[in-house]
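Trainee: Here it is: the structure, laid out below.
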Amino acid sequence: MAGIAAEARSLVRLSTKGTLATLEAPSGAPYASLITLATEVDGSPIFLISTLARHTRNLVADPRAAILLDGTGLGGPGGGDPLQGARLTLSGRAERTDDPAARRRFLARQAQAAFYADFPDFSFWRLEIEAPISSAASAASSTYRRRTCWSRSRARRASWRLRTASSRTTRTMPPPSLSMRKSSAVWRLIRRHPLWLMSGLDPLGCDLVRGTEALRIDFRGRIHTPQDARKELVRLVDEARATLGSA
């Protein structure tokens with residue numbers, strides 16, 4: 001179960017887009033649409049949508065929603081068969097958020113959205129995950145509770161400490177061209193393509209983006225404070241430099 005939970009967390013953090021399922025108002029008919037994504041510190045999906053879109057009107061009338069994440073093409077198993085790749089359904093209630101941290105994290109992950117983020121019809125939303133999380137891969141499926149993937153109480157306690165530190169740490173760390181992955185192959189990949197930016201930080205790791213590509217870097221252990229984050233990031237950068245220097 002721990003392995004499944006880790007895979008689920010990784011897929012959520014790596015996903016830059018997903019399928020949003022809402023309920024039509026007033027008929028209740030299902031409606032699905034494509035959205036771009038980022039995540040809160042606690043793993044909750046964040047998205048930016050317009051009131052001109054049908055899915056936004058649906059959420060205003062009924063906040064129940066689900067987001068399907070497709071891990072095909074993210075480097076996991078599955079090859080050419082989409083049904084053999086990782087996938088994850090998150091179900092809960094969508095709510096509008098005016099949290100500046102949510103805005104920063106989304107725009108760091110989806111830089112192209114800065115062009116229209118301040119249009120009057122656009123607003124940021126988050127999905128508060130309520131129902132069990134469903135995943136499937138390699139012809140097997142499983143359903144498990146949210147706490148298996150994220151400990152809400154621990155994540156919330158760490159969130160308030162890391163919220164304001166996330167963007168500050170991103171700006172003040174050494175350049176991520178010498179990246180922070182426990183895989184020399186990934187370090188070499190990033191050295192060949194150095195334009196990676198850190199887009200988010202949370203108690204379990206950090207996220208890097210390069211255009212539409214994304215990488216997830218897991219920490220050695222859970223962090224709780226900005227000081228913990230800095231120490232872990234410095235350790236990973238030093239480790240990467242040592243590995244690349246000896247390659």
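The values are calculated or read from the model by the stated rules, or taken from the named source; none is laboratory data. Bear in mind that the values here come from a model prediction, so they are computed numbers and not experimental data. Cβ: placed from backbone, ideal geometry, glycine included. Neighbour counts: every protein chain shown.
Trainee: Could you run through the range 196-247 and say how many residues are closer than 15 Å to residue 43 by Cα and assigned to a strand (DSSP E or B)?
Mentor: Qualifying residue count for the region: 10.
Trainee: Would you mind telling me which numbered condition in (1) modelled with pLDDT of 95 or more; (2) under 13 Å from residue 44 (Cα atoms); (3) not small (Gly, Ala, Ser) residue 122 fails?
Mentor: (2)
Trainee: Cβ-Cβ distance below 6 Å, separation of 6 or more or different chains: which pairs start in the range 218-244 with a residue that is farther than 15 Å from residue 207 by Cα and end on one that is among the aromatic types (Phe, Trp, Tyr)?
Mentor: As it stands, the answer is 240/187; 243/187; 244/187, since those pairs meet every condition given.
Trainee: Okay, moving on. Considering only residues that are out of contact with any Asp or Glu (no Cβ under 8 Å at 6 or more places or on another chain), β-branched (Val, Ile, Thr) and not in a strand (DSSP E or B), look in the range 26-70 and name the one that is surrounded by the most Cβ atoms within 10 Å (Cβ to Cβ).
Mentor: 56
Trainee: Something else about it: Do you know which of the residues in the range 1-25 that are farther than 30 Å from residue 60 by Cβ and aliphatic (A, V, I, L, M) is surrounded by the most Cβ atoms within 10 Å (Cβ to Cβ)?
Mentor: Filtering the range 1-25 for residues that are farther than 30 Å from residue 60 by Cβ and aliphatic (A, V, I, L, M), the one surrounded by the most Cβ atoms within 10 Å (Cβ to Cβ) comes out as 5.
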